[in-house]
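S.K.: Take a look at the following structure, please.
The values are calculated or read from the model by the stated rules, or taken from the named source; none is laboratory data. Please read all numbers here as calculations on a predicted model, not as lab measurements. Every residue, glycine among them, receives a Cβ derived from its backbone with ideal geometry; neighbour counts consider all protein chains shown. Note: areas computed on protein heavy atoms with side chains; ligands, DNA, RNA excluded. Shrake-Rupley method; radii C 1.70, N 1.55, O 1.52, S 1.80 Å.
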Amino acid sequence: MSDDAHLIHEAAGPALTPLEAAGALGVGVNSLLVLGVIPVLLGALVDEHRLTDPDIGLVVMAEVLSMGVSTALCGALLKPMRLKSIGVVLALLLAAVDFATARSNGMGVFLMRGLAGAIEGVLLWITVAMISRTATPERWAGVFFVAQTLTQLLLALALAVWIMPAWGANGGFIAIAVCAVAGLPAALIGPSRLADLNPGEAIAGAPPFRGWIALIGTLVFVAGGGAVAVYLQPLAEQAGLDAGVARTALWVSLAAQVAGSSAATAMAGRVRWFHVFLITTAGSLVVWWLFAQHIPAWLFIGANALAGFVALLLSPFLVPMTIDADPSRRAAVQSGAAQLIGGAMGPLLASQLVSDQDVHGALWLGAGLLLAGLATVAWLHLTHRETVAAPA
């Protein structure tokens, strides 16, 4: 079987070439690049007295929520056409907004990151639309997350070792702007359009009830992780560690994320998504318990590595979970938006429970949301098995 036939085996219309598929994935990598390093970028703004600790959650909320809404609206209202032009224009706009963030303080940071999120959401829609049309979405989601986290890892290393020690937060945001421009080739080699979903497999309209439950479970589960992740640097500092430890923990976590997403790609089609949810929940709760203690730097960094591994082990299985709940794939097309909105909701809620003196409330919130999300998807898993067993 050829690569292009495998890529969109279940989609109507002409197959994508491997180069087009790589371009579609690359556009999404460009859109999510900043999320891998946003904790240290915003932490640096706090150190420079341009934001406060509670502002961190609100800024992330503004960017990720606008990204999620943008992705959702595109998935619901737009046909995937003229994608090259959209990708090129928005990559240039994103670079301009990232550069403007470097010159912003306070409310200006909120405005710039909110605008950046809206742009990033449209770029991500291109990638999600391609992945949701494949025969094995968990495998292509895994490939996407490997590429995304590897790119974020390289950027995090550059920020920690070279850019931010010399130029601080401004250097970090200018580096993000340069990366946005570097993402132009992906848009140019990507597809001009994607085929409509096969009417025999996906019917236009809102997802059915179980599809909505899958999206809610995704949103709540992701919100738990987001509530904690954005407070990486304050958690390190309140454990008696410095910003350098937080930056090291970030790039080590990203390296572990590469391993996690690679493992997920290898596991695609071999394990059930619910088992991966259980592994991720257990690993995350252990890490967050450690964050609540005064632990040495090596253990803080190691805990972040575990958190990164289990988080990206799960991510490629979120789309298959929604397809399992809703075989029409109407929910799957909105999975990316649900993940982003959850990623915005967690930091927003956490911002109400933290202060410059104590950010540990984010850990309790994260644990509660994670368990609520697990309970939601567990209901889908158990009732699906009952439905399958009933006819027999």
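S.K.: Residues in segment 235-252 that are touching a Gly at 6+ places or on another chain (Cβ under 7 Å) and crowded, with 24+ Cβ neighbours inside 10 Å: how many? First the steps, then the outcome.
M.R.: Restricting attention to segment 235-252, the residues satisfying the condition of being touching a Gly at 6+ places or on another chain (Cβ under 7 Å) are 243, 246.
If we keep only those that are crowded, with 24+ Cβ neighbours inside 10 Å as well, we get 246.
Residues in segment 235-252 being touching a Gly at 6+ places or on another chain (Cβ under 7 Å) and crowded, with 24+ Cβ neighbours inside 10 Å: 1 in total.
S.K.: Now a separate question. Within the bounds of segment 125-137, is there any residue that is of a type outside the set (S, T, Y) and touching a His at 6+ places or on another chain (Cβ under 6 Å)? Before you say what the answer is, go through the steps one by one.
M.R.: Residues of segment 125-137 that are of a type outside the set (S, T, Y), as a first pass: 125-126, 128-131, 133, 135, 137.
Those left that are additionally touching a His at 6+ places or on another chain (Cβ under 6 Å): 135.
Yes: one or more hits.
S.K.: With respect to V319, is the statement that it is in contact with a helix residue (DSSP H, G or I) (Cβ under 9 Å, 6 or more places away or on another chain), modelled with pLDDT under 85, farther than 22 Å from A236 by Cα and in a helix (DSSP H, G or I) true? If you could, list the steps in order and put the result at the bottom.
M.R.: Numbers: in contact with a helix residue (DSSP H, G or I) (Cβ under 9 Å, 6 or more places away or on another chain): yes; modelled with pLDDT under 85: yes; farther than 22 Å from A236 by Cα: yes; in a helix (DSSP H, G or I): yes.
Criteria met by V319.
S.K.: Right, here's the next one. Can you work out which of the residues in segment 296-312 that are open to solvent by 10 Å² or more (accessible area, probe 1.4 Å) and touching a Gly at 6+ places or on another chain (Cβ under 8 Å) is farthest from T127 (Cα to Cα)? Reasoning before the result, please.
M.R.: Looking only at segment 296-312, we keep the residues that are open to solvent by 10 Å² or more (accessible area, probe 1.4 Å), and these are 296-299, 301-302, 304-307, 309, 311-312.
Keeping just the survivors that are touching a Gly at 6+ places or on another chain (Cβ under 8 Å) gives 306-307, 309, 311-312.
Numbers: L306: 27, A307: 25, F309: 22, A311: 20, L312: 17 Å.
Selected residue: L306.
S.K.: Go through segment 75-94 and count every residue that is part of a helix (DSSP H, G or I) and open to solvent by 10 Å² or more (accessible area, probe 1.4 Å). Talk me through it step by step, then tell me what you get.
M.R.: Filtering segment 75-94 down to residues part of a helix (DSSP H, G or I) leaves 75-77, 83-94.
The next check asks that each one be open to solvent by 10 Å² or more (accessible area, probe 1.4 Å); those that pass are 75-77, 84-86, 88-90, 92-93.
Count: 11.
S.K.: Could you tell me which residue of segment 42-71 is surrounded by the fewest Cβ atoms within 10 Å (Cβ to Cβ), considering only residues that are of a type outside the set (S, T, N, Q) and within 23 Å of L184 (Cα to Cα)?
M.R.: Within segment 42-71, the first condition is being of a type outside the set (S, T, N, Q), and the residues that meet it are 42-51, 53-65, 67-69.
Retained after the next criterion (residues that are within 23 Å of L184 (Cα to Cα)): 63-64, 67-68.
On the way: E63: 30, V64: 30, M67: 33, G68: 27.
The residue in question is G68.
S.K.: Sticking with this structure for a sec: With A182, A187 as the choices, which residue is modelled with pLDDT of 90 or more and surrounded by 24 or more Cβ atoms within 10 Å (Cβ to Cβ)?
M.R.: On the way: A182 fails: surrounded by 24 or more Cβ atoms within 10 Å (Cβ to Cβ).
Sole residue among the options that is modelled with pLDDT of 90 or more and surrounded by 24 or more Cβ atoms within 10 Å (Cβ to Cβ): A187.
S.K.: Surrounded by 15 or more Cβ atoms within 10 Å (Cβ to Cβ) and either over 19 Å from the mean Cα position of the chain (by Cα) or on the phi > 0 side of the Ramachandran plot (or both) - does that describe any residue in segment 333-344? Full working, then the answer.
M.R.: Taking segment 333-344 first, the residues surrounded by 15 or more Cβ atoms within 10 Å (Cβ to Cβ) are 333-344.
Imposing the further condition that a residue be either over 19 Å from the mean Cα position of the chain (by Cα) or on the phi > 0 side of the Ramachandran plot (or both) reduces the set to none.
So far as segment 333-344 goes, no, none of its residues is surrounded by 15 or more Cβ atoms within 10 Å (Cβ to Cβ) and either over 19 Å from the mean Cα position of the chain (by Cα) or on the phi > 0 side of the Ramachandran plot (or both).
S.K.: Still on this model: Which condition does S355 not pass, out of (1) part of a helix (DSSP H, G or I); (2) farther than 14 Å from I213 by Cβ, if it passes all the others?
M.R.: (1)
Quick grid of which residues meet (1) outside any helix (DSSP H, G or I); (2) over 19 Å from the mean Cα position of the chain (by Cα):
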{"residue": "V258", "(1), (2)": "no, no"}
{"residue": "A263", "(1), (2)": "no, no"}
{"residue": "A266", "(1), (2)": "no, yes"}
{"residue": "R270", "(1), (2)": "yes, yes"}
{"residue": "H275", "(1), (2)": "no, yes"}
{"residue": "Q293", "(1), (2)": "yes, yes"}
{"residue": "I301", "(1), (2)": "no, yes"}
{"residue": "N304", "(1), (2)": "no, no"}
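S.K.: Related question: Of all residues in segment 206-222, which are hydrophobic (A, V, I, L, M, F, W, C) and part of a helix (DSSP H, G or I)?
M.R.: If we filter segment 206-222 for residues that are hydrophobic (A, V, I, L, M, F, W, C), which is where we start, we get 206, 209, 212-216, 219-222.
Correct list: F209, W212, I213, A214, L215, I216, L219, V220, F221, V222.
S.K.: The conditions are (1) among the small types (G, A, S); (2) touching a residue at least 24 places away in the same chain (Cβ under 8 Å); (3) open to solvent by 50 Å² or more (accessible area, probe 1.4 Å), and A362 fails exactly one of them. Which is it?
M.R.: The number of the failed condition is (3).
S.K.: Still on this structure, I have one more. Out of segment 261-284, which residues are buried (at least 16 other Cβ atoms within 10 Å of the Cβ) and either in contact with a Ser or Thr (Cβ under 8 Å, 6 or more places away or on another chain) or within 15 Å of L235 (Cβ to Cβ) (or both)?
M.R.: Hits for segment 261-284 are S261, A264, A268, S284.
S.K.: Oh, and also: Do we find a residue being within 18 Å of the chain's Cα centre (by Cα), within 20 Å of T71 (Cα to Cα) and either modelled with pLDDT of 90 or more or outside any helix (DSSP H, G or I) (or both) anywhere in segment 151-166? Before you say what the answer is, go through the steps one by one.
M.R.: Here is the first cut: in segment 151-166, the residues within 18 Å of the chain's Cα centre (by Cα) are 151-156.
Narrowing further to those that are within 20 Å of T71 (Cα to Cα): none.
No, every residue in segment 151-166 fails to be within 18 Å of the chain's Cα centre (by Cα), within 20 Å of T71 (Cα to Cα) and either modelled with pLDDT of 90 or more or outside any helix (DSSP H, G or I) (or both).
S.K.: For segment 95-107, give me the residue count where each residue is within 16 Å of G172 (Cβ to Cβ) and surrounded by fewer than 17 Cβ atoms within 10 Å (Cβ to Cβ).
M.R.: Within segment 95-107, the subset within 16 Å of G172 (Cβ to Cβ) is 95, 97-105.
Restricting the remaining residues to those that are surrounded by fewer than 17 Cβ atoms within 10 Å (Cβ to Cβ) gives 103, 105.
Number of matching residues: 2.
S.K.: How do the pairs read when you match residues in segment 138-156 that are within 9 Å of V258 (Cβ to Cβ) and open to solvent by less than 40 Å² (accessible area, probe 1.4 Å) with residues anywhere that are among the aromatic types (F, W, Y) and in a helix (DSSP H, G or I), using Cβ under 7 Å and keeping only pairs 6 or more apart or on different chains?
M.R.: These pairs meet every condition: L153/W251.
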